[in-house]
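First the structure, in the form of structure tokens, and then the observations on it.
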Amino acid sequence: MYLADRSAPTGAKTAPGAGPGRTPAVASAVLALGTVSLITDISSEMVTAVLPLYLIAGLGLSPLGFGALDGVYNGVSALVQLTGGHLADRVRNHKLIAGLGYGLSALCKPLLLLAHSAGPVGVVLALERTGKGLRTAPRDALISLSTPPESQGRAFGVHRAMDTTGALLGPLAAFFILSAAVGGYDAVFGVSACVAVLGVVVLVLFVPGKTGPAPSTAPSTAPFTAPSTAPSTAPAVGLREALALLRLPRLRALALCAALLGLTTVSDAFLYLLLQSRTGIGERWFPLLPLGTAAVFLLLAVPAGALADRIGRRTVFLTGHALLLTGYALLLWAPHWPALPYLVLALHGLFYAATDGVLPAAVAATVPGELRGTGLALVGTGQALARVACSLAFGGAWTLWGPGPALAAAAAGLLCCATVAGFVLRDPRATPRTDSTRRP
């Protein structure tokens with residue numbers, strides 16, 4: 001698969017048969033992983049699309065109870081990310097650890113058919129998120145290690161676009177199943193389990209077992225990155241080397257900003273519930289709300305990643321959070337326009353396009369190759385745990401104050417945290433990079 005690349009550096013290598021001015025868009029490993037993510041996200045998003053209504057309308061949970069369960073749903077994944085990333089670096093087999101994660105998530109889907117109260121559902125979701133935590137960092141490490149540094153944003157954008165195709169198809173499948181099947185929720189969970197197994201099969205058959213670091217065709221000049229060192233041969237990674245990553249100033253800055261911004265990022269489920277509450281969208285149409293976010297994300301993930309490679313990841317990353325803040329403002333103060341749901345969902349999708357792939361691309365550019373999974377897990381875990389705290393706090397604030405004041409508090413916090421992040425990340429050259437993770 002080749003795409004025209006107007007920003008390719010002069011003298012960049014082209015694949016056999018590629019025309020002049022054309023470079024490989026992404027490595028085959030990225031396309032294979034994108035296919036696995038596409039299939040797996042169809043399965044996951046079928047469940048995610050109906051979960052808020054299933055828990056609140058079906059099981060009778062309060063917003064505070066849903067916030068706690070949503071926190072478990074995401075918090076377990078965050079905690080396990082560190083284990084998955086470090087274990088993949090230690091055994092030097094990212095596909096194996098990612099496969100274990102995908103397999104565990106697939107095994108948990110049928111268990112939702114047996115869980116009909118909040119406690120069992122919480123346990124099943126915790127196990128499913130354990131699988132997600134195991135696979136996330138090894139998968140992203142495989143993507144970064146197969147891509148030249150100057151194209152990391154685009155590679156992650158391509159993967160996220162394929163992943164989001166699944167996020168687009170999953171809610172659509174849930175909508176049709178709920179409309180046509182008897183015992184709607186159980187039917188959704190059953191089909192989701194079958195699709196998840198297919199994703200594991202594709203991973204086993206088509207994802208390369210080992211992926212070496214891709215050579216760079218030109219130095220990276222994006223102001224949100226630093227040169228990456230990725231030795232092709234290195235001994236197994238230990239805990240001491242992993243902890244030494246925290247001495248990298250740029251990685252600490254990225255981890256701090258990701259966590260700060262995560263503290264004020266309202267979860268998708270709450271945002272869709274807020275949108276339904278504000279606009280009066282019927283329950284039958286609720287599973288379609290994620291489609292708006294996914295469609296915009298799908299269209300703009302690759303252009304946003306390429307733009308971040310070109311003009312700087314800091315600029316694109318912070319712009320994404322500014323767009324999310326605009327969406328919050330519309331939910332709070334905009335008149336009841338017919339176009340309001342479309343505007344909010346478009347801004348939500350733009351936020352993900354500008355941040356979801358850009359952050360790991362920035363992290364990958366600061367971490368040595370043999371510690372790539374651990375570095376990605378450190379930042380991802382901090383961000384995810386912060387979002388868990390936000391879910392818990394937002395659910396409590398909604399219960400105590402109502403949705404409007406809770407969202408206003410989140411918006412004010414996001415504005416403050418984005419301002420701090422802008423200062424912390426403003427000039428990476430002001431903080432010299434120290435290769436403190438290199439062994440003697």
*asked:* Taking loop as defined by DSSP and a crowding limit of 13 other beta carbons within 10 Å, which trypsin sites (Lys or Arg not before Pro) in region 75-126 fit?
replied: none
*Would you mind ranking Phe423, Phe206, Phe286 so that the residue whose beta carbon has the fewest other beta carbons within 10 Å leads the list?*
Phe423, Phe206, Phe286
*Please list 254-265, 189-200, 351-362, 160-171 highest first by mean number of surrounding beta-carbon atoms within 10 Å per residue.*
351-362, 160-171, 254-265, 189-200
_Linear extension gain, His336 paired with Ile281, 0.36 nm per residue minus alpha-carbon span_ = 18.6 nm
*Looking at region 278-329, which trypsin sites (Lys or Arg not before Pro) are in a loop (DSSP not H, G, I, E or B) and have at most 13 other Cβ atoms within 10 Å?*
none
*Roughly what would the spin-label model give for Leu400 and His116, points 7 Å off Cα along C-beta, in nm?*
3.6
*Packing-based ranking, highest mean first, of 298-304, 415-421, 335-341 given that Cβ atoms within 10 Å are counted*: 298-304, 415-421, 335-341
_Strictly greater than 12 Å: what percent of every Cα pair in region 103-150 meets that?_
65
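Bear in mind that the values in this text are calculations on the coordinates, not laboratory data. It should be emphasised that the depicted structure is a prediction, and the values quoted were computed from it without experimental measurement. We place every Cβ from the backbone using ideal geometry, glycine too, and count neighbours over all the protein chains shown.
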